[in-house]
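In what follows, a structure is listed as structure tokens, so that the remarks can point back to it.
The values are calculated or read from the model by the stated rules, or taken from the named source; none is laboratory data. Computed from a prediction, not measured in an experiment: that's the story for all the values here. So basically every Cβ, Gly included, is an ideal-geometry build from the backbone, and we count neighbours across all protein chains shown.
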Amino acid sequence: MRLLDAIRLAFQTLRVQKLKSFFTLAGVTIGVMFLIAVVSIVEGMGSYMENDFVAKLIGTNTFQLRRFPSISDASESEWREWMRRPRITFDDAKEVAAALPPAALWSVESSDNIAIESRYARPRELEASAVDGDYFRIRNMEVAQGRLISPQELALGSRVVVIGQEIATRFFPRLNPIGRTLKVGGTGYEVIGVAAKQGSIFGISLDRFVIASANSPLQRLVNPHGLIDGMKVKLPTTEAMFDARETVRQVMRTRHRLRASQPDNFVMETSESALEFWKKIEGNLVIAGVILPAIALIVGALVIMNIMLVAVSERTREIGIRKAIGAKYRDILAQFLVEATTLSIIGAAIGVALGIILSQTIAALSPLPASVAPWSIVTGILVGAGVGVVAGVYPASRAARLDPIVALRAE
Amino acid sequence: MPGITDVPAAGEPGLSTTAERKIVTATKGEAPGKDWVIVARGLTREYDMGGEIVRALRGVDIAIRRNEYVAIMGPSGSGKSTLMNLIGCLDTPTAGEYWLNGMLVSDMNDDELARIRNREIGFVFQTFNLLPRASALHNVELPLVYGGVPAAERRKRAEEALASVGLSDRKLHRPNELSGGQRQRVAIARALVNRPSILLADEPTGNLDSTTSAEIMNVFEQLAESGQTVIMVTHEADIAAHAKRVVVLRDGMVESDDRREKFAARTGV
Ligand SMILES: Nc1ncnc2c1ncn2[C@@H]1O[C@H](COP(=O)(O)OP(=O)(O)OP(=O)(O)O)[C@@H](O)[C@H]1O
Ligand SMILES: [Mg+2]
């Protein structure tokens, strides 16, 4: 008997036993659905992390000098070690900047939540940053209105701010904010620019910021005297960036008086090194995302096996008839195997469809991004087929081994 | 002068002609000639019922030529069905040898038996044994499916077989949409579709009323006349009377094996 005949036969049986087939499918469908959904969401978060999150946070060909990593899942002891590290200072930044090649851009930055208010809205604690150097060029920031803070204003510590879109609408509703006063930590600043819309990551708005000069009074509010959160350095090429990173490492090691045997007590993160943290989490998520559906699939396999055993005993006479007119062991084996496999592939296909719908729904209703990976669809279908074969083997071989005379006598 | 095969074995119970006696008593393992569809020598079938041995067949000798129409009779439990199962290659004997078309079936494994059933045997059962969820046409096609016949040819041959039993207008009906007689005709069409060398029927009219039985017996008669070898189990003498030869079993052995005329004369049917 040919495969096509076996598949046709399987569909015929499924058509006749719709309700039973539906329940048979459920386990596999649910398993594959969650497999697809979880993998899609993890994949979506991954590509998001790589393309948006870290790029927005750090930028290409850029590294950031900090006391400790900006994102991590540090252990208690690591954390304690980090807290003992010396902080980065303006003096560090000055020396680092002097050591950099002329093509390099650099900035210093310190941020904290500061009370912000205007005449038009109640005060609120929001993130304010005190910056210097090539901050706006490194961030590629452009204005929607007004202008950026000039190098002179940065150097002089002029009381001017560039604000994000959300700050503009919150504190200057239906008003043109340019030229108006925004109070940051009690000090009045003139709004000279509103930045172009930055969007959001994981549902967190990136348009909620206030930027002033590191030489302005804001600096004293975000960090103790002489200290900064970190420094960013951007170069035209990746190679130049890694070279510069080595230069900066030596400058900092000397300034921190580290002996050759001592490890660095600061970090210089690139977007790749920040992603290592994500890679670790992603691995764990994928494992969890595979184990849970696997349980559903095992249940699905047991259900299919059980249904097929029932089918074999219900159809004993049919098997007897088929054997009497010439079905061989492998014909009957193939019939039930193909039936089980067809069932579970249909279940898997429905699961793929539902999984895609589920992940798109999650993506639409929550900040979690989802992107359906083609490999997960293929895997879902193959897993479905595998479950069918595994679940079908035992019932099918029982059917195929039946003695035709005994089978013909069955009711 | 008639041929030697036509000389009756006068007065002997068992085999109906000397030729048949010769062929079954020939040296064990000796392949019979081409004329012989079935040759069974000392066919024995025992069932082990947990220590107790049930002897369903106790050394049956039988030889059947191509184109014969044979009825097998006997009281209940005499071993008719057991013999049919052996002849139909559904079962293998505990002892003795069975030749079908010059092939030694008694030594074959399950897959070889399945192949023989597919190619050489057409079964007609008392309970029809059609697949309930399949159309008449699909039921008739089934032996061709297992014979590896391509779909188009399969359909053509199945339609021809259904036409030959007068059911062309019922080919898409399911068994439960057909009368008993029609079901049995579908079963006959299925049995014939692979052009088997023997048509085996176990109580083919057992579930039918007398009018329908007569119809079905007519079909058998025509088939036999057209040269189909037919072997039929029945316990009704008037049904057996349609056959050209009647074999009577008792207690797992051949009690008598006669031409129909002689059987009729002896039993008064
Ligand atoms: N599978 C089996 N296991 C044990 N004994 C069996 C089996 N099949 C048949 N027998 C026994 O073998 C003997 C012959 O049985 P068989 O079915 O061949 O009789 P039969 O002539 O067809 O009878 P009936 O006219 O009632 O159908 C009986 O005694 C029966 O009990
Ligand atoms: Mg019987």
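Residue pairs whose Cβ atoms lie under 9 Å apart, separated by 6 or more positions or on different chains, with the first residue in region A:241-269 and touching a residue at least 40 places away in the same chain (Cβ under 8 Å) and the second basic (Lys, Arg) and assigned to a loop (DSSP other than H, G, I, E, B), are A:HIS256/A:ARG85; A:ASN265/A:ARG67; A:ASN265/A:ARG84; A:ASN265/A:ARG85; A:PHE266/A:ARG67; A:PHE266/A:ARG85; A:VAL267/A:ARG67. Screening B:SER81 with (1) crowded, with 16+ Cβ neighbours inside 10 Å; (2) touching a residue at least 60 places away in the same chain (Cβ under 8 Å); (3) away from ligand 2 (no atom under 16 Å from the Cβ) gives one miss only, at (3). Of the candidates A:ASN265, A:ASN284, the single residue that is closer than 26 Å to A:ALA37 by Cα and either within 14 Å of chain B (Cβ to nearest Cβ) or not aromatic (Phe, Trp, Tyr) (or both) is A:ASN284. Please determine, by comparing only the residues of region A:143-174 that are of a type in the set (S, T, N, Q) and not in a loop (DSSP other than H, G, I, E, B), which one is surrounded by the fewest Cβ atoms within 10 Å (Cβ to Cβ). Selected residue: A:GLN152. Taken over region B:123-139, the criterion of being at the interface with chain A (Cβ under 10 Å from one of its Cβ atoms) and not in a loop (DSSP other than H, G, I, E, B) is satisfied by B:PHE123, B:HIS138, B:ASN139. Can you tell me which residue in region B:45-61 is nearest to B:LEU199 (Cα to Cα), limited to those that are more than 12 Å from ligand 1 (Cβ to nearest atom) and either surrounded by fewer than 17 Cβ atoms within 10 Å (Cβ to Cβ) or within 14 Å of chain A (Cβ to nearest Cβ) (or both)? That would be B:GLY59. Within this structure, B:HIS235 passes the test of being part of a loop (DSSP other than H, G, I, E, B), under 15 Å from the mean Cα position of the chain (by Cα) and within 16 Å of ligand 2 (Cβ to nearest atom). For region B:246-269, filtering for residues that are among the small types (Gly, Ala, Ser) and part of a helix (DSSP H, G or I) leaves 2.
Against the condition more than 30 Å from B:ARG183 (Cβ to Cβ), more than 14 Å from chain A (Cβ to nearest Cβ) and of a type outside the set (Phe, Trp, Tyr), how does B:VAL70 come out, does it pass? For B:VAL70, the condition - more than 30 Å from B:ARG183 (Cβ to Cβ), more than 14 Å from chain A (Cβ to nearest Cβ) and of a type outside the set (Phe, Trp, Tyr) - is not met.
Report whether or not B:GLN182 is among the polar types (S, T, N, Q) and assigned to a helix (DSSP H, G or I). Against the criterion (among the polar types (S, T, N, Q) and assigned to a helix (DSSP H, G or I)), B:GLN182 qualifies. Residues in region A:328-338 that are closer than 13 Å to A:ASP5 by Cα and facing another protein chain (nearest Cβ under 10 Å): how many? Here the count works out to 2.
Evaluate region B:87-102: report whether one residue or more is free of Cβ contacts under 8 Å to residues at least 40 places away in the same chain, away from chain A (no Cβ under 14 Å) and not hydrophobic (A, V, I, L, M, F, W, C). Looking for residues that are free of Cβ contacts under 8 Å to residues at least 40 places away in the same chain, away from chain A (no Cβ under 14 Å) and not hydrophobic (A, V, I, L, M, F, W, C), one finds none in region B:87-102, hence no. Checking each residue in region B:140-161 for being facing another protein chain (nearest Cβ under 9 Å) and closer than 14 Å to A:ARG322 by Cβ picks out B:LEU142, B:PRO143, B:VAL145, B:TYR146, B:GLY147.
For region B:62-77, the criterion of being within 13 Å of ligand 1 (Cβ to nearest atom) and either in contact with a Cys (Cβ under 7 Å, 6 or more places away or on another chain) or polar (S, T, N, Q) (or both) is satisfied by at least one residue. Might you let me know whether region A:200-213 holds any residue that is part of a helix (DSSP H, G or I), in the same structural domain as A:ALA103 (by TED's automatic domain parsing) and surrounded by fewer than 16 Cβ atoms within 10 Å (Cβ to Cβ)? No, the conditions are met nowhere in region A:200-213. Scanning region A:11-45 for residues that are touching a Ser or Thr at 6+ places or on another chain (Cβ under 8 Å), surrounded by 24 or more Cβ atoms within 10 Å (Cβ to Cβ) and of a type outside the set (Ser, Thr, Tyr) yields a total of 6.
Of the residues A:SER344, A:SER313, A:SER359, the single one that is part of a helix (DSSP H, G or I), assigned by TED's automatic domain parsing to the domain that holds A:PHE23 and more than 22 Å from A:VAL383 (Cβ to Cβ) is A:SER313. Looking for whichever is on the phi > 0 side of the Ramachandran plot and modelled with pLDDT of 90 or more here; the options are A:GLY386, A:GLY326, A:GLY320, A:GLY392. Which one fits? Answer to the selection: A:GLY326.
Checking the condition surrounded by fewer than 18 Cβ atoms within 10 Å (Cβ to Cβ) and either in contact with a helix residue (DSSP H, G or I) (Cβ under 6 Å, 6 or more places away or on another chain) or touching a residue at least 12 places away in the same chain (Cβ under 8 Å) (or both), which residue from A:LEU302, A:LEU333 passes?
Result: A:LEU302 is the single residue among A:LEU302, A:LEU333 that is surrounded by fewer than 18 Cβ atoms within 10 Å (Cβ to Cβ) and either in contact with a helix residue (DSSP H, G or I) (Cβ under 6 Å, 6 or more places away or on another chain) or touching a residue at least 12 places away in the same chain (Cβ under 8 Å) (or both).
A single member of B:GLU153, B:GLU159, B:GLU177, B:GLU215 is within 19 Å of the chain's Cα centre (by Cα) and not polar (S, T, N, Q), and it is B:GLU215. If you go through region B:199-245 one residue at a time, how many are away from ligand 1 (no atom under 16 Å from the Cβ) and away from every other protein chain (no Cβ under 14 Å)? Number satisfying all stated conditions: 29. In region B:134-154, the condition of being within 16 Å of ligand 2 (Cβ to nearest atom) and buried (at least 22 other Cβ atoms within 10 Å of the Cβ) is met by no residue. Just one residue in the set B:SER179, B:SER213, B:SER197, B:SER256 is under 26 Å from B:ILE116 (Cα atoms) and away from ligand 2 (no atom under 16 Å from the Cβ); that residue is B:SER197.
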